[in-house]
Amino acid sequence: MSKITTLTDIVLSHNVLSGKVPDLTALSNLLSLDLRENHLDSELPPLPKGVTTVLLSSNTFTGEIPVEFGILNQLQHLDLSNNTLSGTPPADLFRLSSISYLNLASNVLSGSLPNLLHCGGELGFVDISDNRLVGRLPSCLNTVSDKRIVKFGGNCLSLNTQYQHSEGYCKQENSEKKRITGKEIALSAGVIGGILIVVVFLLVVILVFRRKKHARNMVDQHMLPKVVQRSAQPGIPSELLTNARIISQAANIGSQGVPSYRVFSMEELLEATENFDQSALLGEGSVGKFRHPHLVGLLGHCIDGGAPDDSTVPRIFLIYEYVSNGNFRAHLSGVIPSPFSNRLKTSNILLDEHNMAKLSDYGMSILMEESEKAKGDDFTSSHMTKKEDDVYNFGFILLESLVGPTVSGKGEAFLLNEMASFGSQDGRRRIVDPIVLTTSSQESLSIVISITNKCIFPESSTRPSFEDVLWNLQYAAQVQATADADQKSDATSPS
């Protein structure tokens, strides 16, 4: 990971990662590092100078805070709380020009802070509580101000407050570091050895049991896990909120490869769907399927022949993978359904646990359209089946991404009328999502707006091909990357 120099964000929080964090100074484009709530127990790693957010709380990092942290001039948020860091915090850490959030709570930091400590102008939150700090609190941290919150309880500071320990408490805590005796080492080794023996024994028993079971019946399949139901959004049937609720233990859903395919029994299907609950239904009729990393995976099927005296045609159930993070539109606005009736839409783009986009089956769109038509809503009458119409639909996906939830929720007609506003700076500020405006360069944004306009042009013959759309989006990404690099260079260069 430390060799992928194009990385801008590393988010590995809330896992069980352990060991040493490598030197990350080679990641010159890194902006955000989030390793919270793991089991990392090394010293704090060296960081690149351009990093802006560092979140390393709730680990077991040891050693002192590196003095090099005091020259990270782009650093805005630093959270090192709930570790076992020792020593005195570097004074330069408090005076960083961009630092606004500094959390050093719940460590074993000791010593005293300089009386003439200088705090940066952007520093709005400081937490040094529950450490072993002594002496006086520097004036820049002791001044009552509406612009700065300072937490310092649980130390041994010379303050007239009931939330400080005596100075002797901190000295005693610093001097009484437990030393493991030979007897304690032997006891620890014995406990660990006993645990290992028990674990090995259990593994052997499990292995023997599974081999016997496999020998008795080569075709036994694991039962499907029960489905955890998610609450439905108001005003829309629960069966439209997910592409499938059935997960096979035989299929490795978490992998990026093609999931294995199998045949399910009716008993398994009844168990997994809670007796064919409607929330597990994708749809009925002919549904096609291709295997592709960006298409929702087909796990298997089940054939229901009906009762012996039933003369009806057998039904075939198709079981699709469960995509955990919902659809793209929900991430844009948190609201379903989409205001558009197009077959290809943000509600058909699902995001898995890695936020990898997958196109859900078009049968889902057909179901949604039929459900919406049954309610008598007013939708676009044209049925789009040609490539040019897919480009039109994709253009609306781009448009929704540009304007965000507030504007996109007003409907297709409103958006079409507002497209002319993209031509002026004032219009863009009024209609484009503020996050998009503040994180995009004018040139890259203009490229995306231009290709979006072309995609939703009324005359299908004048719309661009998907190759043209892809080329323009890639070009916009390159322009944005160049602008980000230039901005970063300007920020790091001496004035």
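The values are calculated or read from the model by the stated rules, or taken from the named source; none is laboratory data. Keep in mind that what you see is a predicted model, and the values were worked out from it rather than measured. Cβ sites come from the backbone with ideal geometry, for glycine too, and all protein chains shown count toward neighbours.
Of note:
- When Thr25 is tested against (1) within 21 Å of the chain's Cα centre (by Cα); (2) surrounded by 14 or more Cβ atoms within 10 Å (Cβ to Cβ); (3) not charged (D, E, K, R), only condition (1) is not met.
- Only listed residue being at pLDDT below 90 and either surrounded by fewer than 14 Cβ atoms within 10 Å (Cβ to Cβ) or in contact with a Pro (Cβ under 9 Å, 6 or more places away or on another chain) (or both), chosen from Ile65, Ile4: Ile4
- Residue match in the stretch 118-137 (condition: within 22 Å of Leu93 (Cβ to Cβ), touching a helix residue (DSSP H, G or I) at 6+ places or on another chain (Cβ under 6 Å), part of a loop (DSSP other than H, G, I, E, B) and at pLDDT 90 or above): yes
- Taking first residues from the stretch 54-77 that are without any contact (Cβ under 8 Å) to a residue 40 or more places away in the chain and partners that are aromatic (Phe, Trp, Tyr) and outside any loop (DSSP other than H, G, I, E, B), the Cβ contacts under 8 Å between residues at least 6 apart in sequence or on separate chains come to Leu75/Phe69; His77/Tyr101.
- Any hit, the stretch 6-29, residues being of a type in the set (Val, Ile, Thr), in contact with a Leu (Cβ under 7 Å, 6 or more places away or on another chain) and not in a loop (DSSP other than H, G, I, E, B): yes
- Boolean, Leu75 is part of a loop (DSSP other than H, G, I, E, B) and within 15 Å of Val54 (Cα to Cα): yes
- Residues of the stretch 32-53 satisfying the condition of being free of Cβ contacts under 8 Å to residues at least 40 places away in the same chain and part of a loop (DSSP other than H, G, I, E, B): Leu35, Glu37, Asn38, Asp41, Ser42, Pro45, Pro46, Leu47, Pro48, Val51
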